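Following: one structure in structure tokens, then a few remarks.
Just so it is clear, none of the values below were taken in a lab; they were calculated from the coordinates. Just so we're clear, the structure is a prediction, and the values are computed from it rather than from any experiment. Methodologically, a virtual Cβ is constructed for each residue, glycine included, from the backbone with ideal geometry; neighbour enumeration extends over all protein chains shown.
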Amino acid sequence: MSTLRTFGSAAGAAALAGGLVFVATPAAANDTATVSVLHGVPDLPVDVYANGERLIDDFQPGTLTDPLTLPAGSYDLALFPADAPDGSGEPLLEAAGVTVPAGANATVVAHLQEDGNPTLTPFVNDTSAVPAGQARVTVRHTAAAPAVDVRAGGTPVIEGLTNPNEQTLTVPASTVSADVVLAGTDTVAIGPADLDLAEGSSTIVYAWGSGEAGYELAVQTISGTHSAPTGVPGGSAGLADEGSALPAVAALSVAGLALAGAGAVRLSRSRG
């Protein structure tokens, strides 16, 4: 059974993993950054806190936030069960001293590792111009699942993707019929599904979920990447497919941005 999810257009920014820092050549003249957050942990509504204040209330699995504009600076971030009063008790996930520099652009994903343990992963989003006649596609594997191949029209275009990696392709603008198969096999995990890749667009596909809860694809559209000044229409969609063993993602190279890490996200499970 498949379910179509639709999200608003989004551009994200922030580093969310204990001590992870985005080092960037400032891309903005102000002191703010834009943050989008994707909740990819199944069956676990949460509240998101920043510096002890609730930033997102009752954050539901499968939800991608609208872009959040935050002052650049250092943040202590924590995720609590949605019914925990005022962020009390033991957080499900937390990250202290997260540095968010001005002009940073990224999406933070709360998701499961391949072994099913929860984690927070920040991804830098490429906002550079897309060549005329082309479209950019990034696939990110954030599901509790083994390696997969991504096929377009039945032909593998990304192979052996593992959690939490990503890969980016620049392709001719078109509508592509894509599916996800277990790596090295023809066993379909998700799809096929049509992906509309408009000229100048930058589309990010996230695989998230688990075998028990079902696997899903969430699709994010990054604005402002068209090679012409007219921009890119907003909008994105995701596809859910239960009972399959999915994932898809890879490595994103971003001009002018580097991701450096120091410290680690501390993970703990809810104690009821």
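At a glance:
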quantity	calculated
P(r) histogram, all alpha-carbon pairs of the range 85-177 included - 5 Å bins from 0, percent	3, 10, 17, 17, 18, 15, 10, 6, 3, 2, 0
Placed amide H near residue 97: partners under 5 Å, 5+ positions off or other chain	75, 76, 77
Amide H within-cut-off set for residue 109, under 5 Å, with H built and near neighbours excluded	38, 121, 123
Burial ranking of peptide ranges 135-148, 164-177 (average Cβ count within 10 Å, highest at the top)	135-148, 164-177
